[in-house]
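Peer 1: Mind having a look at this structure? Questions to follow.
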Amino acid sequence: MSDAALKISPDKRAEPLLFSVLGGAFLVFMTAYILVPIVVTLIMSFNDEAMIRFPILSWSLRWYDDFLGSPQWTDALFNSVVIAAGTALISTTTGVMAAWAFERYQFPFREALYLLLMLPLFMPGVVLGLGIAMSVGPVQIGGYPIYGSRILVMLAHSLWAMPLVFMLMEATFRMIDNRIVEASYDLGGKPVQTFFEIVVPMVSTGLISSALFAFVISLNEFVMALFLTDRDTQTLPVLMWLSLRSAGTPRLAVASVILAITVFACLAIILVWYVRQLRKTAR
């Protein structure tokens, strides 16, 4: 081995350690950057005063009682949950079918269709929300106006959620053993039967993750909901923004805590399901 190689080797051995240290430091910074505002918001939700002020001088559950006792805020939370559940159902169903089609079949204009599926993900929410509002504003079905309905917001949120489901499920489908699927077909299994009885159990982790990600995206989306909801269907983020413009009370902190808890609950479900599937695989 040459002297030049001997001189370079120690530096090369030091590179992984340097990258690990930098990566770890960045991870600690990002974790603190995310958690500190959440912790401050959680503390602020127990403030007994009428205005947002930190540090707080007295502790109380006053604003939790106020939130739960207000029909306006509980209705907004209900709207958010219903719209998020509908978005998860729509985007997961369509995203899974699209991903399975792209994985299993070849068809004309495949690249153009792929770009079309991804396009809404890169469009600003204000463009999508305003465009949808102007397009369907006067439209009615059976005398029922589309604008301001929950289903319209579900479809709008699915424009962002569905491409994410599609990308996640496409990667998931690539990891399954296609020989099992082909064996099912050879033994007389119908395509639909094979998909639900063979494929779905193999991709259950990706399926659950996709649905929960779609749920969280819709739950926290604000811009499109601002354009597409009315007083009866406005979501919690929309009501928070409108309330912030008039009076910044600790009720906003309570609403933020509820949204954050919902997000953490979804992440916990994904983690528990993933660990459960790993244990099944290890047996």
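Peer 1: Find how much the distance from Phe264 to Phe78 grows on full extension, using 0.36 nm per residue of separation minus their present alpha carbon separation; answer in nm with one decimal.
Peer 2: 65.1 nm
Peer 1: Related question: Could you sort the peptides 154-166, 99-111 by per-residue average Cβ neighbour count (10 Å cutoff), highest mean leading?
Peer 2: 154-166, 99-111
Peer 1: Determine the sum of side-chain charges near Ser58: Lys and Arg each +1, Asp and Glu each -1, restricted to other residues whose C-beta is under 12 angstrom from that of Ser58.
Peer 2: Net of charged neighbours comes to 0.
Peer 1: Right, another one. Using +1 at the Cβ of each Lys and Arg and -1 at the Cβ of each Asp and Glu in the chain, identify which of Trp63, Met202, Gly86 lies farthest towards the dipole's positive end.
Peer 2: The residue sitting farthest along the positive end of the dipole is Met202.
Peer 1: Report the paramagnetic label zone for Met118: residues of region 147-171 whose backbone N is under 11 Å from a point 7 Å from Cα along the Cα-to-Cβ axis.
Peer 2: In region 147-171, the label zone of Met118 (backbone N under 11 Å from the point 7 Å along Cα→Cβ) covers 167.
Peer 1: Tell me, what % of the accessible area of the chain is carbon and sulfur with a 1.4 angstrom probe?
Peer 2: The computed percentage sits at 71.
Peer 1: Based only on Cα atoms, what mean projected area does the convex hull of the chain have, in nm²?
Peer 2: Computed as one quarter of the Cα hull surface, the answer is 25.2 nm².
Peer 1: At a Förster distance of 45 Å, what's the computed FRET efficiency of Met30 paired with Leu187, Cβ-Cβ distance as r, to 0.05? Walk me through the intermediate numbers first.
Peer 2: Details: r = 49 Å, r/R0 = 1.10.
FRET efficiency, Met30 to Leu187: 0.35.
Peer 1: Calculated FRET efficiency, Trp100 and Ile38, Cβ-Cβ r, R0 35 Å, to nearest 0.05?
Peer 2: E between Trp100 and Ile38, to the nearest 0.05, is 0.40.
Peer 1: About the Cα centre, and with charges only on the beta carbon of Lys, Arg (+1) and Asp, Glu (-1), how big is the dipole of the chain? Nearest 20 debye, please.
Peer 2: 400 debye
Peer 1: Could you sort Ile141, Ile52 by their accessible area in this structure, using a 1.4 Å probe and putting the largest first? Intermediate results must be reported in sequence, preceding the final value.
Peer 2: Working: Ile141 115, Ile52 85 Å².
Ranked from most to least accessible, the order is Ile141, Ile52.
Peer 1: Restricting to DSSP H runs of at least four residues, report the calculated mean residue ellipticity at 222 nm for the chain, -39500 (n - 2.57) per run over all residues, nearest 500 deg cm²/dmol.
Peer 2: Rounded to the nearest 500, the figure is -24500 deg cm²/dmol.
The values are calculated or read from the model by the stated rules, or taken from the named source; none is laboratory data. In this text the structure is predicted, and so the values were computed from the model without any measurement. Reconstructed Cβ throughout: ideal geometry from the backbone, glycine too, with neighbour counts over all protein chains shown. Just so you know, the surface numbers come from the protein's heavy atoms only, side chains and all, with ligands and any DNA or RNA stripped out. Shrake-Rupley method; radii C 1.70, N 1.55, O 1.52, S 1.80 Å.
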